[in-house]
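These notes concern the structure reproduced below.
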Amino acid sequence: MMRDELLTSFANQMLQAQSDPTHRHLSQLQAIVSAGFHEGRGMDFGPDHADVSDTSEDQPPLASDRPPGERAGETLGQVTDELSYIAGLVSESSIDEVRHVLFEQLGFRGETDNYYAPSNSLLSQVLGERRGNPITLSVVMIEVGLRAGISIEAIGMPGHFLTGHASSGQFFDPFRGGQVLSAEDCSHLWARLAQQPAAAFRPEWLAPISTGELLARTLANLRVAVGTTRDIHGLRWIAQLARSVPEVPPAFMAQMAATLADFGQLRMAAQIFEHAALTVDRDGSAGFSSTGDTKPSEALVRRAMDLRSRLN
């Protein structure tokens, strides 16, 4: 499965996820993120991969001599198999049993030594290492619950992702071994992490979020992680995926484009600025500054045109 096939599969899965209130498509979407991220250095990125900086001799070598499409297919299959295996260890249909299997029996927990490593946002890596960040560990808990017949919700609390169980009214912190939390506990956790008074906490932050919103958070984490390592292939892959996630805000896309431009990826940066321009007036201009009567969309188009002029 090559890059274009992965992107097409991702886009199709996202379309289905938009009309599905469950997280039935989440594991495959996250697996595609992992597959393309790992195999990107061996994939054909097409004609817009011709910027000078793309051929840097500093890029790490391929992890395997096998064709990247073959390796990507293996990643997708391994994620599915591992989640099914873990779900098979759940002996009874209860949230406590899911917590026991994941965090006591198998030892899943938060990665604290290298929190911002890209691997902590990649489902295939987290399943293998049993270490990850709050979002990806939440994905594991949600997906194992889904396969075991237990509905577990994604809770996108700002600054620290959680899971929830509507039947019990409880919340859980997969990063801290599935710790059980009340709504009040969540507000105090947020206050401590954000260094804000608990009274500023908003109850709606504990509402379940969609698969698309979860994917947007995952891509945001990855952008920060790979940006610090100057991983050009990782940045390009994130940008390509983000175009298929409606919940990714235009401001994120513009930041992504600016980063790509800084790394010399002018053609793709122009494409991402143009994508942001198509959605910013419709979805809102939060995060953008306007000059005079110039709309944010017009400013983004001008930035794209400037980049394209530098390619000639």
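A compact table of results
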item: Counted residues, the stretch 275-312 - those being modelled with pLDDT of 95 or more and of a type in the set (D, E); result: 1
item: Subset of the stretch 177-216 [under 30 Å from A11 (Cα atoms) and either assigned by TED's automatic domain parsing to the domain that holds I95 or not in a loop (DSSP other than H, G, I, E, B) (or both)]; result: E204, W205, L206, P208, T211, G212, E213, L214, L215, A216
item: Subset of the stretch 227-245 (residues that are within 13 Å of the chain's Cα centre (by Cα) and either over 12 Å from H275 (Cα atoms) or of a type outside the set (G, A, S) (or both)); result: G234, L235, W237, I238, Q240, L241, R243, V245
item: Residue list for the stretch 89-130, restricted to those being under 16 Å from the mean Cα position of the chain (by Cα) and either more than 19 Å from G159 (Cβ to Cβ) or aliphatic (A, V, I, L, M) (or both); result: A117, P118, S119, L122, L123, S124, Q125, V126, L127
item: Filtered residue count, the stretch 116-155, keeping only those that are surrounded by fewer than 20 Cβ atoms within 10 Å (Cβ to Cβ) and of a type in the set (G, A, S); result: 4
item: Filter pass, P174 being surrounded by fewer than 18 Cβ atoms within 10 Å (Cβ to Cβ) and either outside the structural domain of L123 (by TED's automatic domain parsing) or not aromatic (F, W, Y) (or both); result: no
item: Test result for E92, at pLDDT below 95, assigned by TED's automatic domain parsing to the domain that holds Q125 and among the acidic types (D, E); result: yes
item: Count - residues of the stretch 181-215 that are in contact with a strand residue (DSSP E or B) (Cβ under 7 Å, 6 or more places away or on another chain) and touching a residue at least 60 places away in the same chain (Cβ under 8 Å); result: 1
item: L219 being out of contact with any Gly (no Cβ under 9 Å at 6 or more places or on another chain) and either modelled with pLDDT of 95 or more or assigned to a helix (DSSP H, G or I) (or both); result: yes
item: S182 modelled with pLDDT under 95 and either surrounded by fewer than 15 Cβ atoms within 10 Å (Cβ to Cβ) or under 11 Å from the mean Cα position of the chain (by Cα) (or both); result: no
item: Hits in the stretch 105-114 - residues which are surrounded by 15 or more Cβ atoms within 10 Å (Cβ to Cβ) and over 18 Å from D81 (Cβ atoms); result: R109, G110, E111
item: Condition met for I142 (touching a Phe, Trp or Tyr at 6+ places or on another chain (Cβ under 8 Å) and either closer than 20 Å to A31 by Cα or assigned to a helix (DSSP H, G or I) (or both)); result: no
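The values are calculated or read from the model by the stated rules, or taken from the named source; none is laboratory data. Predicted model, so just to flag it, every value in this text is computed and none were measured. Methodologically, a virtual Cβ is constructed for each residue, glycine included, from the backbone with ideal geometry; neighbour enumeration extends over all protein chains shown.
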